[in-house]
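Colleague: Got a structure here, written out as structure tokens. Questions coming.
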Amino acid sequence: LITDDNFADYGMMGVHRAGIAPEELDAVVHCNFPWSNPTGFPVRRLGFSAQQVLATCIDVIELKRRGEAVPELTELPALFEDELPD
């Protein structure tokens, strides 16, 4: 697990230098969609959709603006790249 996609290439180069082929392990990299740093290694990206975060924020702001109750906590799921809506 690499918790910052900015370091994915460095982490995977370390794996390669240790004599482990990238295909021998499952690498999961956290990122914020839609932007994710490209890597020359096979990785699976997991993160949050910036569009979903902003849309949810706007929805909550609109509720507050209308004087309606707003949730104390709003949770959004982390998604794998292939789970993102089109």
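Colleague: Starting from the stretch 48-70, take each residue that is farther than 21 Å from Glu83 by Cβ and list its partners that are assigned to a helix (DSSP H, G or I), counting only C-beta distances under 7 angstrom and pairs at least six apart or across chains.
Modeller: Taking only residues 6 or more apart or on different chains, the pairs are Val70/Val60; Val70/Leu63; Val70/Lys64.
Colleague: Right, something else. Taking the stated definitions as given, is Asp86 assigned to a helix (DSSP H, G or I), at pLDDT below 95 and either of a type outside the set (A, V, I, L, M, F, W, C) or surrounded by fewer than 11 Cβ atoms within 10 Å (Cβ to Cβ) (or both)?
Modeller: Numbers: assigned to a helix (DSSP H, G or I): no; at pLDDT below 95: yes; either of a type outside the set (A, V, I, L, M, F, W, C) or surrounded by fewer than 11 Cβ atoms within 10 Å (Cβ to Cβ) (or both): yes.
Spelling it out, it is not the case that Asp86 is assigned to a helix (DSSP H, G or I), at pLDDT below 95 and either of a type outside the set (A, V, I, L, M, F, W, C) or surrounded by fewer than 11 Cβ atoms within 10 Å (Cβ to Cβ) (or both).
Colleague: State all residues of the stretch 32-58 that are among the hydroxyl-bearing types (Ser, Thr, Tyr) and outside any loop (DSSP other than H, G, I, E, B); if no residue qualifies, say none. So that I can check it myself, show each step before the final result.
Modeller: Filtering the stretch 32-58 for residues among the hydroxyl-bearing types (Ser, Thr, Tyr) gives 36, 39, 49, 56.
Ser49, Thr56 - these are the residues of the stretch 32-58 that are among the hydroxyl-bearing types (Ser, Thr, Tyr) and outside any loop (DSSP other than H, G, I, E, B).
Colleague: Could you count how many residues in the stretch 37-52 are surrounded by fewer than 14 Cβ atoms within 10 Å (Cβ to Cβ) and either in contact with a His (Cβ under 8 Å, 6 or more places away or on another chain) or over 30 Å from Glu23 (Cα atoms) (or both)?
Modeller: Final tally of qualifying residues: 1.
Colleague: I'd like the residue in the stretch 1-12 that is touching a residue at least 12 places away in the same chain (Cβ under 8 Å) and in a helix (DSSP H, G or I) and, out of all such residues, is nearest to Gln52 (Cα to Cα). Walk me through it before giving the result.
Modeller: First, the residues of the stretch 1-12 that are touching a residue at least 12 places away in the same chain (Cβ under 8 Å): 1-6, 8-9, 11-12.
When the remaining residues are screened for being in a helix (DSSP H, G or I), the result is 5-6, 8-9, 11-12.
On the way: Asp5: 19, Asn6: 22, Ala8: 24, Asp9: 27, Gly11: 28, Met12: 29 Å.
It comes out as Asp5.
Colleague: Let me ask something additional. Among the residues of the stretch 16-27, is any in a loop (DSSP other than H, G, I, E, B), touching a Phe, Trp or Tyr at 6+ places or on another chain (Cβ under 9 Å) and in contact (Cβ under 8 Å) with a residue 12 or more places away in the chain?
Modeller: Of the stretch 16-27, the ones in a loop (DSSP other than H, G, I, E, B) are 18-21, 25-27.
Restricting the remaining residues to those that are touching a Phe, Trp or Tyr at 6+ places or on another chain (Cβ under 9 Å) gives 27.
Keeping just the survivors that are in contact (Cβ under 8 Å) with a residue 12 or more places away in the chain gives 27.
Yes, there is a match, as at least one residue in the stretch 16-27 is in a loop (DSSP other than H, G, I, E, B), touching a Phe, Trp or Tyr at 6+ places or on another chain (Cβ under 9 Å) and in contact (Cβ under 8 Å) with a residue 12 or more places away in the chain.
The values are calculated or read from the model by the stated rules, or taken from the named source; none is laboratory data. What you see is a predicted model; the values in this text were computed from it and never measured. Don't worry about glycine lacking a Cβ; one is built from the backbone with ideal geometry, like all the others, and counts go over all protein chains shown.
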